[in-house]
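What follows is one structure encoded as structure tokens, with my remarks underneath.
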Amino acid sequence: MFKAELTKRLGGVELYRELYRLLQIDEVLRGLCEIKHWEKPYGRSTLAEFRQRVGPERFERIMAAFTCFAAAAELAFCNYILE
């Protein structure tokens, strides 16, 4: 569910209804969220409850840590290429 929430935020999806619809039809998105082709996507209420349980502050901290990790990995890759 975290990957679905991350996709919602980074993909510019505003509503859980829209995310649910995209998860129904987009096989690439389903793969990114690790939803098998025979499984139903996460429902709107399930996604909203996950977001509520995690809370906005914790999610922002996770996103900040994820961003720092991604930036460090990119920097390390660039340094490796430039050597």
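The values are calculated or read from the model by the stated rules, or taken from the named source; none is laboratory data. The shown structure was predicted, so the numbers you read here are calculated from the model rather than taken from an experiment. Note: ideal-geometry Cβ built from the backbone for every residue, glycine included; neighbour counts use all protein chains shown.
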For a quick check of your reading of the model, give me the residue pairs whose first member lies in the range 37-53 and is under 13 Å from A4 (Cα atoms) and in a helix (DSSP H, G or I), whose second is modelled with pLDDT under 90 and of a type outside the set (S, T, N, Q), with beta-carbon atoms closer than 7 Å and at least 6 apart or on different chains. L47/M1; L47/A4; L47/E5; F50/M1; F50/E5; R51/E5
How many of the residues in the range 36-83 are of a type in the set (F, W, Y) and modelled with pLDDT under 85? 5
Within the range 1-27, track down each residue that is modelled with pLDDT of 90 or more, assigned to a helix (DSSP H, G or I) and not hydroxyl-bearing (S, T, Y). R17, E18, L19, R21, L22, L23, Q24, I25, E27
